[in-house]
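Coordinate-derived values only; no laboratory data. Bear in mind the structure is a predicted one, so any value in this text is a computation, not a measurement. Cβ atoms come from the backbone with ideal geometry, glycine included; neighbour counts cover every protein chain shown.
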Ligand code: SF4
């Protein structure tokens, strides 16, 4: 497959088949934190970057067996909205395979354009970004192509909200020293209130970004913002979930992991797939259990295994 990838397991989207509509790093932004790398084609040009008919033909052949998918997602290493055929592909999917939910990962810049808003209105979930409201901060963090302004795209996002019946999952990427000032966060908060997204995800650097001076925002700062914006539906993926659940829930998760490791040694990925927890949560639990002397790690042929110190099977009751 040339234009489809996956399906990949995604924390937010479940089993997701990706569609890549633009060549590597063709984007209207060059974000300082972009984990894909520097934008090599910084452009506002809408074009048929890859043949629409070939994308539809790949989809037609792949979907003919009716595979199980939670989402078909427009994503890739650039801005999918720059492809002029996006609306036609969405329309084709909704006509021929209405049973599949569609997601659009976009920086949202093209929402400034009425025709673009209309062309993506049939998607089920749109995941746009909002990292800045002030023009100077927008220019510093998102480094747009010439002629793109924060005010226009934010107005476009709000217009889109009015006509869109699906869900908006907004992403806010925080870079210390750039968009985490009290003033900018207040402005972002006001726009989010007006936009009323169904979810807000606070992100910060997880993998190396385009610029090496970009560092992650601390967990404490992320939690402070979440606390301050308490009426918004905030998620902080980098924290996993266990840090914020009650002590009894933590203990329950530890109990389940210990019970499993008392039966047989497991690798980190065995634990993730068996317990259905995120990588971050599993790592967090492993470090707690090692620190308390309940499990140890051992290098084996297949990698690092974890096993309980007490190998007598224990119940998975809270510990
Ligand atoms: S919009 Fe997305 S793909 Fe484009 S530079 Fe920013 S993070 Fe990278």
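Within the chain, DSSP assigns beta bridges of which about 30% are antiparallel (rounded to the nearest 5). Axis of helix 86-96 versus longest Cα principal axis of the chain: the two differ by about 70°, to the nearest ten degrees.
Provide 188, 225 in ascending order of the number of other Cβ atoms located within 10 Å of each residue's Cβ, fewest first. Let's see the in-between values first.
On the way: 188 25, 225 20.
Fewest-to-most ranking of 188, 225: 225, 188.
Neighbour counts of C-beta atoms inside 10 Å place 19, 168 in the sequence 168, 19, starting with the fewest. Taken along the Cα-to-beta-carbon direction at a fixed 7 Å, the label points for residue 99 and residue 198 span 2.1 nm.
Could you calculate the contour length gain from residue 152 to residue 220, that is, 0.36 nm times the residue separation minus the distance between their Cα atoms, to one decimal place in nm? Numbers along the way, then the final one.
Details: separation 68, 0.36 × 68 = 24.48 nm, distance 3.27 nm.
Here the answer is 21.2 nm.
Shape summary: the chain maps onto an equivalent ellipsoid whose semi-axes, from the alpha-carbon gyration tensor, are 38, 26, 18 Å in decreasing order. With 0.36 nm allotted per residue and the present C-alpha distance subtracted, the residue 57-residue 292 stretch has 79.0 nm of extension available.
Cβ-to-Cβ counts within 10 Å put 262, 230 in ascending order as 230, 262, the fewest first. For the range 200-229, backbone nitrogen atoms closer than 18 Å to the point 7 Å from residue 280 Cα along Cα-to-C-beta are found at 200-209, 215-229. Full extension of the chain segment joining residue 161 with residue 91 gains 23.2 nm, where the gain is 0.36 nm per residue of separation less the Cα-Cα distance.
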